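Only one structure is covered here, and it is reproduced in the block below.
Taken together, the values in this text are just the output of simple stated rules run on the coordinates, not laboratory data. The shown structure was predicted, so the numbers you read here are calculated from the model rather than taken from an experiment. So basically every Cβ, Gly included, is an ideal-geometry build from the backbone, and we count neighbours across all protein chains shown.
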Amino acid sequence: MELINTAKGILSETSNNPLLQDYLYLNTSTTAFLENKANTVINVQVLEQRIIGEKLIRRSILYVKEITLPLLYAECLFDLTSLQDDKKAALIEQKRTVGDIFGRRHLRKVASHCQKLEQHTYQNILQVSGACYLRTFDLYCEQQKIAQLLEVVNEETLFRVYKPDGSQGSYA
């Protein structure tokens with residue numbers, strides 16, 4: 001298990017894949033990044049969502065066309081006391097990505113850390129084999145912290161932005 005501190009720009013033993021590198025360095029909206037690469041809308045499927053006290057816990061996947069070919073798996077912990085009523089309602093509704101709800105231009109990632117794992121149950125969720133990259137960070141909307149997130153990707157899942165139907169191709 002290797003800790004990759006992206007805040008300091010230390011990415012040893014990761015792939016030379018430019019798409020993965022761009023994702024690991026990303027400090028703005030993941031939705032906007034993926035939509036820019038896919039040149040289309042990114043969809044969300046909420047796998048599980050619970051409200052415990054004033055916290056909303058959400059597990060979801062992002063995908064382009066096929067829900068069976070996810071781009072990314074995410075776990076989010078939102079503090080509902082810090083959110084406006086319309087944002088709370090949109091999260092609870094489960095139909096939009098976090099980037100769509102809060103406005104992609106206003107989002108930024110703080111204290112981002114990444115861990116590379118060769119074997120993990122996330123491979124089953126993402127429907128891939130090979131190393132997964134687990135990225136944790138605090139998510140801010142403008143100057144306010146709104147959530148803590150875990151995002152999980154691997155090279156193949158990110159490449160699906162270019163091949164959303166699952167067709168084969170190069171990662172280059």
Handout entry: Within the chain, helix-based [θ] at 222 nm, where runs of 4 or more DSSP H residues each add -39,500 (n - 2.57), nearest 500
Key = -6000 deg cm²/dmol
Problem - Positive-pole candidate from I51, N39, C76, dipole of the stretch 19-87, charges at beta carbon - result: N39
Handout entry: Against the rule of thumb 2.2 N^0.38 Å, how large the Cα Rg of the chain comes out
Key = 0.99
Exercise for the section: Once you've got the GNM for the chain with C-alpha springs shorter than 10 Å, pick whichever of Q94, Q119, Q84 has the biggest mean-square fluctuation. Expected result: Q84
Handout entry: Approximate spin-label separation Q144-I125, in nm, with each point projected 7 Å along Cα-to-Cβ
Key = 2.7
Practice task
For T28, list long-range residues whose amide hydrogen, built 1.01 Å from N in the peptide plane, is under 5 Å from its own amide hydrogen.
Solution key: K109
Problem - Computed over the chain: relative contact order in percent, which uses C-alpha pairs under 8 Å that are six or more apart - result: 26
Exercise for the section: List, in the order given, every pair from K95/K163; K88/K163; K87/K116; K37/K109; K87/K109 whose Cα-Cα distance in the structure shown is over 27 Å. Expected result: K88/K163; K87/K116
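Using a simple charge model, +1 on the beta-carbon of Lys and Arg, -1 on the beta-carbon of Asp and Glu, nothing else, what dipole does the chain show about its Cα centre, in debye to the nearest 20?
Numbers: 20 positive and 20 negative charges, 57 e Å.
That gives the chain a dipole magnitude of about 280 debye.
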Exercise for the section: Give me the Kirkwood hydrodynamic radius of the stretch 64-162, using the inverse of the mean 1/r over all pairs of distinct Cα atoms, in Å to one decimal. Expected result: 14.6
Handout entry: Most mobile listed residue (V41, V98, V64) in the chain, GNM with C-alpha springs under 10 Å
Key = V41
Practice task
Would you calculate the volume per residue, in Å³, of the smallest convex hull containing every Cα atom of the stretch 7-105?
Solution key: 132
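Mind pulling up the Rg/Rh value for the stretch 33-86? Radius of gyration and Kirkwood radius, both on Cα. Each step should come with its number before you reach the end.
Working: Rg = 13.3 Å, Rh = 12.5 Å.
Here the Rg-to-Rh quotient is 1.07.
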Problem - Within a Gaussian network of the chain (alpha carbon springs, distance under 10 Å), most fluctuating of Y25, Y73, Y63 - result: Y25
